[in-house]
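A.B. asks: What follows is a single structure, and I will ask about it in a moment.
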Amino acid sequence: MGTTWALKFDNPEMRPLAPVREAVEQALSRVIDQMSTWKTDSDISRYGRSEAGSVHTLAPEFAQVLDCALHWAHVSGGAIDPTVAPLVAWWGFGAEAHASPSWPPTEARRAALDAARARVGWHRIAFDRPTRTLLQPGGVALDFSGVAKGFAVDQAVAALQAIGVERLLMEVGGELRGVGRRPDSAAWRVQVDTGDAAVSQQVELTDLAIATSGDRWHTHAHGERTWSHTIDPRTGEPANGALASVSVLHPQCMHADALATALTVMGLDEGHLFADTHAVAALFVCRVGAQERLVASRAWRAHHADGPPAR
């Protein structure tokens with residue numbers, strides 16, 4: 001996944017670390033083998049190369065992530081879309097990235113962007129949940145980057161619980177999930193990266209996950225334009241840069257990850273309304289000139305009583 005993982009856990013039995021590490025790495029490897037676009041032999045890469053009309057029986061984990069992505073694609077009106085891979089590549093990101101595009105694009109590059117847009121649309125794929133089968137309609141390439149990392153956290157947690165580790169804080173690339181409480185019975189506490197120490201936020205993760213999406217980490221620039229890796233599938237353009245980041249709380253990290261991506265694409269006005277309508281605990285970090293301001297949804301404030309205001 002091009003990132004790191006970390007685990008803190010209560011270990012009163014003084015169990016050896018090797019089996020714990022092995023449980024985590026096996027869970028993460030399973031996700032990578034199925035969903036990494038950087039591996040040419042992964043399930044997701046093979047699907048992208050498959051012929052039109054072919055039908056694929058998915059592994060249970062792959063089917064679960066696709067189901068999550070399609071659910072939020074439908075609910076969000078396409079703000080997150082698992083078929084966005086061609087657009088991600090056109091804007092210079094991911095395993096299939098084209099050269100970082102010049103701006104404004106040439107006529108040929110603009111035609112390539114239009115062709116990439118034509119390949120994107122979550123409604124194009126036919127997924128049969130009971131049989132876990134997926135049709136390749138032709139030219140569809142999947143990208144689970146907005147969901148799979150959170151899912152990897154959940155899978156690692158499940159693997160740890162299966163070997164008896166019950167009080168833990170699991171993190172993969174900044175997405176975290178806390179289970180139970182710390183050895184001193186306090187809640188697991190994490191710091192939300194707001195980019196400004198003066199407006200920092202801490203949250204408690206007792207049987208709760210947090211995921212963050214934003215433009216602090218992966219960007220390209222050409223001339224006077226800078227854009228992030230978060231692409232709006234509805235327009236084919238990078239997400240509006242008015243939001244530095246969005247953090248979401250949810251019992252499952254997979255859903256927190258998907259929602260953070262969707263809300264980042266929506267932007268503050270649409271995203272804040274969506275979060276309040278769907279009871280999503282979300283913290284928006286907004287740029288106001290050289291400053292940053294925090295805006296919280298109702299569900300976030302209910303969880304974090306001393307949090308920032310709604311607007």
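A.B. asks: Exactly one of (1) surrounded by 15 or more Cβ atoms within 10 Å (Cβ to Cβ); (2) at pLDDT 95 or above is unmet by residue 129. Its number?
C.D. replies: Just one mismatch for residue 129, condition (1).
A.B. asks: Test residue 271 against the criterion of being at pLDDT 95 or above and surrounded by 18 or more Cβ atoms within 10 Å (Cβ to Cβ), and give yes or no.
C.D. replies: Details: at pLDDT 95 or above: yes; surrounded by 18 or more Cβ atoms within 10 Å (Cβ to Cβ): yes.
Judged against the criteria, residue 271 is a match.
Yes or no, residue by residue, for (1) small (Gly, Ala, Ser); (2) over 18 Å from residue 153 (Cβ atoms); (3) not in a helix (DSSP H, G or I):
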{"position": "6", "(1), (2), (3)": "yes, no, yes"}
{"position": "13", "(1), (2), (3)": "no, yes, yes"}
{"position": "45", "(1), (2), (3)": "yes, yes, no"}
{"position": "64", "(1), (2), (3)": "no, no, no"}
{"position": "72", "(1), (2), (3)": "no, no, no"}
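A.B. asks: Regarding residue 297, is this residue small (Gly, Ala, Ser), at pLDDT below 95 and buried (at least 18 other Cβ atoms within 10 Å of the Cβ)?
C.D. replies: When the stated conditions are applied, residue 297 does not pass them.
A.B. asks: Ok, one more. Which ones in the range 55-86 are among the aliphatic types (A, V, I, L, M) and out of contact with any strand residue (DSSP E or B) (no Cβ under 9 Å at 6 or more places or on another chain)? Can you show your working first?
C.D. replies: Filtering the range 55-86 for residues among the aliphatic types (A, V, I, L, M) gives 55, 58-59, 63, 65-66, 69-70, 73, 75, 79-80, 84-85.
Passing the criteria: 59, 65, 69, 73, 75, 80, 85.
A.B. asks: Still on this structure: Quick one: what pairs do we get from the range 5-26, first residue more than 13 Å from residue 164 (Cβ to Cβ), second of a type in the set (Phe, Trp, Tyr) and at pLDDT 95 or above, C-beta under 7 Å, 6+ apart or different chains?
C.D. replies: Listed by first residue and then by second, the contacts come to 24/5.
A.B. asks: Still on this structure, please answer the following. Right, residue 283: closer than 22 Å to residue 178 by Cα, in contact with a strand residue (DSSP E or B) (Cβ under 7 Å, 6 or more places away or on another chain) and either part of a strand (DSSP E or B) or modelled with pLDDT under 95 (or both) or not?
C.D. replies: yes
A.B. asks: I would also like to ask the following. Take residue 161 and decide whether it is surrounded by fewer than 18 Cβ atoms within 10 Å (Cβ to Cβ) and at pLDDT 95 or above.
C.D. replies: yes
The values are calculated or read from the model by the stated rules, or taken from the named source; none is laboratory data. Note that the coordinates shown come from a computational prediction; the quantities given were computed from them, not determined experimentally. No Cβ is skipped: glycine too gets one built from the backbone with ideal geometry, and neighbour counts run over all protein chains shown.
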